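Quick notes on the structure that follows.
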Amino acid sequence: MKWILKLRWAILVFWLAAAVVLMLIAPPMADLVREKGELKLPDGYPSTMATEMQKKHNPDDKGSAYIAVYTADHKLTKTDLNNIEKSLDSIDADKDKLHVTNVLSSFNQPELKEKFLSKDGKTMVATLTVDDSNASVKSIRNDLDEKMDIKGIDSYLTGNKLIQEDVIQGSEDGLHKTEGITVVFILVVLLLVFRSAVAPFIPLITVGISYLVAQSTVAFLIDLFNFPVSTYTQIFMVCIMFGIGTDYCILLMSRFKEEMGAGLNPQEAVHATYRTAGKTVIYSGVAVLVAFTSLYFVQFDLYRSAVAVGVGIIVLLASLYTLVPFFMGTLGTHLFWPLNKNISHKENKVWGAAGKFTFARPWIALLIVAAITLPPILLHTGTESFNSLDEISDKYPSKKGFEIVSDSFGAGQVAPTQIFIENDDNMRTTEYIAQIEKISDDLSHLKGVDMVMSASRPAGKRVDDIYINNQAGQVNDGVDQATDGVGQVKEGLDSASSELKKSEPALDQAVQGVTDLQKGTVATQEGITQLQSALTQIQTGIESGANGAGDLKQGVTEARTQLATLQDGEAQIQAGYVEIQKNLQNVADQLKSFENPNSQAIDTSKLEAQFKKIGDSFQTFAAAHPEVGNDPKFQQLAADIQGLQTAGTELKTAAGKQMAQLQTKMTELNQGIQQLATAMNQLNEQSKQISTGLSAFNSGLGQIETGLDQLEQGLNQAADGQSQVVSKMPEISDALSQIAAGQGALKDGFSGISGQMGELTDGLTTGADGLGKVQTGLNTANGLINDWSKVPYASSGIYVPEELLQNKDFQKVLDQYISEDGKLATINVVLTKNPYSNEAMDSIDDINDQLAASMKGTKLENAKIGIGGMTSSNYDTRDMSTADYHLVLIIVLASVFVTLVIVLRSLVMPIYLIASLVLTYFAALGFAEIIFMRILGYSGLTWATPFFGFVVLVALGIDYSIFLMSRFNEYNGLPVRERMIKAMKNMGGVIFSAVIILGGTFAAMMPAGVLSLLEIATVVLIGLILYAVVILPLFVPVMVKLFGRGNWWPFITRKGDHQENVPPKK
């Protein structure tokens, strides 16, 4: 201390220069917090594994999800929607400038309209993938906000990255408020404590310089050595350094005032102060330093970031031992101006009275302590909140946007839980997609799950077409149609058989008509022969001129009579031709539908495909459910399905044979009809010749009859006409012979057709009966398929067709949910609860259990699982923070215990002093829980509150224990009671002032607007008040009285140590 006083001016210059230089060259702390202060979990946790899997299999997939929210107090109009589309198009057009890699909305993905437009039509969202690796979130947000600005519509950006940015911004804003409030508060309290215009500025100057140096030092450590940092780092450094720094200054300056009041000069008073109170400051500072530096051994970087306070403590102690002596030695009594003439130390009467009371009524004092501390401890539930949204006020846009999306679409839509499955095999196969669907379906039935999105259900809904029961339903419909088709064919065959039977009488009539026609033709031929004979006679008569014109006329009359008979016969023949043609037309009409038998063939290809698909689906189901393989009913179903496939093959063979026979018969029938057609053509031609001959004959007779009156003139003409008639008669006779022969062939053809028609009718009847049996078999099999189609989806197998993988649209789905190498699959689980809530975190246990159950015994059994998303991160944070919390309890208490043992030279006092701190901590935590949970309605204390509340309260509370018990140890030789009361009287005012200062600095955190800081400040403030008002004045004196001389066990080694009635050491 002697050298410090000598070099005090040089030391002052050094501190000032160090503060200025470090402030100018140190990197900005706020930027470091944004860059390196992100909440990180150690390797091995599911959320960390999820991030590593993403980077490994999707190295080019960079960016964070930002949600663009457009909302209005009315249903969005067409104009509103057009403006929103223009806004998103503008963002898409300037993607590179805005650091946006993808824009997903209902405008470029219309099928997702339900997911992006709220049911009430008042809110629309879009997802922006933003690469913020090369730009700050703040600058990106500002640029996007300009693009999203639409008149008449409110727009917000939200998402986890933006919420975390607002939390950081809220902490920065809170830090500035805390710094200003702390300085003002300390100044006011110091004015009241010292009632001096000079003394209050000494702590502010000392702590202020040390804070600037410490903050710059920490900034370099963070920048160069990745020293842990968080949003809590700066604000804790401010509160703790200003709090305990001011406390230590009060202790030193109070002791300096006391020594000056005892008549010492400034130099002697400084030496005396640091020989006594200085040791206490060192001991207290070391205790706080040990408490905070022990945090370096925990896993969580957020907790480790408080180690920076340890750096601040080291710098603070250095300034207290160098700068404060400068002011004391330089100013002397002027330090307490304007009351520098009366600087005597005053005892604290309240603490003196409390000490007397506890020694007189120790059990009542303990009852008072229990009545105050036990109720909040017993009511304490330990519920913690991980809701980052509670950290910031409603003024921040990310929180407003989140609440709008939560109200309009469900909170789970903002931050779904992502399940990553890493496998050695390529999962872009039908088998793995079926397995992914099985997992997705199992997850979708968990309590608290709203929807599941994966490669098998990209829109969050089950795709029924890949389920075997649905496929069985489709097969059922196909078999129904096939059965109906078989029934229709059977009905057609029955109808054809019936119609053919009906045509047999008409065919018989046709045969009979041909027979009659043949008889008429023979009679006509005979008439022609007779006519030829008569004509020959006429010709002879004409040529010989015998018997005159009378005989000739009589011969003509007879000839005309024969001609009339001949014409009647010809008319009968023509009528017969018409009748035959009509009958042939009837037969042709009836057989028309059978002209091409192939058109009646049964197409069994689709039916065979359905039977094969049923067999494949059944095998897939059997593979997926081996447990039913020994079920007799299941085995019978397997045999029936095998029989169904065999029946399909037999049906095709039988139908083919029947059609072949029908085709043969129809070919023969067509040939017979063709022969009849040919014959009828010949008959028609010959009939035309007869008609021509008869016409010529009739013309000749007309000439003869006309010429009889002019016999003499017309004999030559008659002879010529008669010659023509006679010359035609052989042609007519030959034609009639041919007609008769053709009629015989026609008769024989009809007889053959009649036999073939009978065979055809029998074949059609047999075919119809066979199809009836097939129809019965199909109905039986379809009944089993129908039962299969009614199996619940949960019990149904899954069959993914290979064709689905080749679909272009499905390829896009695979790219979204399965990595390019096929070894990483993603399943997004949207929860019904707020993803930041405890209820959502509790769902992670169910998801883990279900994943293990769903993947057991499958090809994914040994796959690695990573679970990402805010809910999973909070879940892992809860596990780690709980483990670190319990570890810190042990480390901090053990380190503080060791420190107290060394400082107080006792094993007993540290035990009850630590017990007093633990009692104070849990009581303060209980009171804070009552305030924030039961009164203010929060879901729990923020997860960081118990941890930091414990560390800060124990580290600071131990200071006051050391203040009191170090002074207690100074009064060696006095009775224990007098020692304790005297120590309490002298330190009561100092401790009260220190508590007010420290409590005030933490109270300055409350207006910061950050909930966790508010809760930590509440715990610390309540704890400090309890410790100063209840525990130290009531609990500790009882323990001192209870142990008596044993307070110093086992370090009572020197004769006279801690003996009563021995003058105290000077």
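Bear in mind these aren't lab numbers, they're just calculated from the coordinates by the rules spelled out. What you see is a predicted model, and the numbers here were worked out from it, not measured in a lab. A quick note on method: Cβ atoms are made from the backbone with ideal geometry, for glycine too, and the neighbour counts reach across all protein chains shown.
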Extension gain, residue 737 back to residue 894 (0.36 nm per residue minus Cα-Cα distance, nm): 42.6 nm
Cα-Cα separations in region 37-152 greater than 16 Å, expressed as whole percent: 66
Can you tell me the FRET efficiency between residue 395 and residue 856 if r is taken as the Cβ-Cβ distance and R0 is 60 Å, rounded to the nearest 0.05? 0.75
Could you give each residue of region 858-870 its phi-based ³J(HN,Hα) in whole Hz, using Karplus coefficients 6.51, -1.76, 1.60 with θ = phi - 60°, and x for Gly or Pro? 10, 6, 9, 4, 9, 5, 8, 10, x, 10, x, x, 4
Point-to-point label distance, residue 102-residue 426, nm (Cα→Cβ direction, 7 Å offset): 2.2
What are the ³J(HN,Hα) couplings of region 36-43, residue after residue, when phi is run through the Karplus curve with 6.51, -1.76, 1.60 and θ = phi - 60°? Round to Hz, x for glycine and proline. 10, x, 5, 5, 10, 10, x, 5
Can you work out the Karplus-derived ³J(HN,Hα) for every residue in region 53-59? Use 6.51 cos²θ - 1.76 cosθ + 1.60 with θ = phi - 60°, whole Hz, and x for glycine or proline. 5, 4, 5, 6, 9, 10, x
Would you mind computing, in nm to one decimal, how far apart the modelled labels at residue 407 and residue 151 are, each placed 7 Å from Cα along Cα→Cβ? 2.6
Of the listed links 78/151; 113/147; 86/151; 36/138; 438/856; 122/151, those spanning more than 18 angstrom between alpha carbons are 113/147
Taking region 87-201 as the region of interest, what is the percent of Cα-Cα pairs per 5 angstrom bin, listed from the shortest bin to the one with the maximum distance? 2, 9, 14, 15, 13, 10, 7, 5, 5, 5, 5, 4, 3, 2, 1, 0
